[in-house]
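Reading through the structure tokens given below for one structure.
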Amino acid sequence: MSVALIIGTQWGDEGKGKVVDYYSKNADYVARFQGGNNAGHTIKVGEEVYKLHIAPSGVIQGKTGIIGNGVVIDPEILIGEIENLTKRGIKPKLLISDRANIIMPYHKILDGAEEQLLGDKKIGTTKRGIGPCYSDKVSRNGIRAVDLTDKKTLDNLLKRIVPVKQKMIDIYAIDYTIDKDEILKVYSNYGQQLKDYITTTHIELNKAISEDKNIIFEGAQGTMLDVDFGTYPYTTSSHTIAGGASIGTGVGPKHIDSIIGIVKAYTTRVGEGPLPTELFDKTGEYLQQKGHEFGTTTSRPRRCGWLDLVVLRHSTMISGVTKLAITKLDVLNGLKQVKICTKYQLDEREIDFFPANIEDVQKCKPIYKEFEGWDMIDKDAKKRSDLPLEAQKYLQFIEKELQIPITLISIGPGRKETIEV
Ligand code: GDP
Ligand code: IMO
Ligand code: MG
């Protein structure tokens, strides 16, 4: 039996969906523990492409997907995703934590209103209501999955919460009146549609562990979007790091056997906020075009740059990463030279850690180590030694610097384009 935790080590979109799907072949359960439908996880099986926002990626391989208590759920999106997958011949096996918070219509309104008010200081959120929903959870004004299944409870909660939310919307001078009765009708209907999935997933998972089942925890977003350890305030509102898995599922940390950090072979970011190795030149464009770096959720172009070891040292340390999975190595094909940032120049100093002060991060200039590029990776490569020598050297350097073994190399979006080391 094994419990593996898979997290993004950069700013999201590292290829978590692909890697989770790959490892799912041996799993019984795949559980999401944080985030919501701000995530977009892509899985390519043959010619079929699945873009999942809320269902765990393991459902594509027919595994039981758990939506943990730490996830925030937009029921309309979830029901749509279930219907869509079912139409495509995959009836997802899902269990939803009774304690997961629900994204309500006013969360989406408030997400947009806050961003608008911030103007050019905006976070660049996905406008899915994620931040306002997590804020309400922490300030104890949330509505949880279990509440949708009981109309009286939901009504009582809405009676308490809606007047406060209306006041906030009015302060933002948004012309929107929350229709409590309409929400009650629509959301208790969602509750009826989802009630068979809603359960005590923390008990289910702990029972599975005691029965020696295989479990994968699937992170969303990435470490640099973590609300504590990311580029705050340009982050999401949840704990994207390994520690989040325990809180977001109710499984004690002692049960986790391996922590797999997904590392894209270069760096990307969607939305606002600092990205020290960002490239504004032809190489940046090359990575964006060759890597199809356009958001899975919002279709926004992703900003691209070289691989950043300062970021990776930070993310592998705070999550205690035990194995690395390198993705999109093939995107670097054809570049004469590739670079890895090893340190930052901050004013007069050279630093090798990620600063907390956002103004300092904005000032950091990357210091690079240069590597010879390579022409092409054979799509059928099955061993690390099948890779061009230059690509092997690139990987060796990452491994040596981080002192963590690479156990998977992804050289294309498909399941087969994977080298397991
Ligand atoms: P996630 O959010 O971490 O699951 O990543 P996304 O699905 O948002 O973005 C990753 C994109 O890269 C998707 O379009 C994947 O199909 C694609 N992808 C994943 N691994 C590879 C790879 O090794 N090579 C290439 N070329 N594409 C990949
Ligand atoms: P996956 O799971 C990349 C970014 C948004 C924005 C910030 C806050 O596919 O890797 P939010 O809507 O969460 O309040 O937005 O976080 N963001 C992501 N960027 N991949 C994601 O998910 C993201 N989820 C949120 O672009 O900058
Ligand atoms: Mg994504």
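Out of all Cα-Cα pairs in region 1-105, roughly what percent, to the nearest whole number, are more than 22 Å apart? In whole percent, the share of Cα-Cα pairs in region 1-105 beyond 22 Å is 24. Pairs Lys264/Lys343; Lys51/Lys167; Lys393/Lys416: which are spaced more than 25 Å apart, C-alpha to C-alpha? Exceeds cut-off: Lys51/Lys167. Normalised size of region 290-371, defined as Cα radius of gyration per 2.2 N^0.38 Å with N residues, equals 1.25. For Lys122, the lysines whose Cα comes closer than 18 Å to its Cα, not counting residues fewer than 8 places off in the same chain, are Lys108. Ordering 299-308, 13-22, 157-166 by mean Cβ neighbour count within 10 Å, with the highest value first, yields 13-22, 299-308, 157-166.
For the pair region 114-132 and region 348-385, the centres of their Cα atoms are 29 angstrom apart. Shown in residue order for region 406-418 are the 3J(HN,Hα) couplings computed by the Karplus curve 6.51 cos²θ - 1.76 cosθ + 1.60 at θ = phi - 60°: 8, 10, 8, 10, 9, 10, x, x, x, 4, 6, 7, 9 Hz (x for Gly and Pro). In region 188-251, the inverse of the mean reciprocal separation of distinct Cα atoms equals 13.8 Å; this is its Kirkwood hydrodynamic radius.
Pull out a ≥ b ≥ c, the square roots of the eigenvalues of the alpha-carbon gyration tensor of region 59-210, then state rounded if a/c is under 1.5, prolate if not and a/b is larger than b/c, and oblate in the remaining case. Prolate, because a/c is 1.5 or more and a/b exceeds b/c.
Summed over qualifying helices (DSSP H, 4 residues or more, each -39500 (n - 2.57)) and divided by its residue number, the chain shows a 222 nm mean residue ellipticity of -10000 deg cm²/dmol. Size descriptors for the chain (Cα atoms only): Rg and Dmax, in that order, 21.4, 66 Å.
Between Lys51 and Gln166, the contour length at 0.36 nm per residue exceeds the Cα-Cα span by 38.0 nm.
Can you give the local net charge around Ile103? Use residues other than it whose beta-carbon is closer than 10 angstrom to its beta-carbon, Lys and Arg +1, Asp and Glu -1.
-2
Cross-link candidates for Lys383: which aspartates and glutamates have Cα within less than 16 Å, leaving aside residues fewer than 8 places away along the same chain? Reachable aspartates and glutamates: Asp330, Glu417, Glu420. Centroid-to-centroid, using Cα positions, region 63-111 and region 259-309 are 27 Å apart. Counting only alpha carbon atoms, the long axis of helix 151-171 and the longest principal axis of the chain meet at about 70°. Arranged from fewest to most other beta-carbon atoms within 10 Å of their beta carbon, Glu83, Glu76, Glu417 become Glu83, Glu76, Glu417. With q set to 0.09, 0.10, 0.16 Å⁻¹, the log10 of I(q)/I(0) for region 226-380, from the Debye formula over equal scatterers at the Cα positions, is -0.33, -0.40, -1.03. Quick check on region 64-132: take the gyration tensor over C-alpha atoms, sort the square-rooted eigenvalues as a ≥ b ≥ c, and tell me if it's rounded (a/c under 1.5), prolate or oblate. Prolate shape, in that a/c is at least 1.5 and a/b is the bigger ratio.
Compute the FRET efficiency between Ser385 and Thr177 as 1/(1 + (r/R0)^6), taking r as their Cβ-Cβ distance and R0 = 60 Å, and round to the nearest 0.05. Computed FRET efficiency for Ser385 and Thr177: 0.40.
Just so you know, all these numbers are worked out from the coordinates, no wet-lab data involved. Owing to the predicted nature of the structure, the values given are computational and were not obtained by experimental measurement. Quick reminder, even Gly has a Cβ in these numbers, built from the backbone with ideal geometry, and neighbours come from all protein chains shown.
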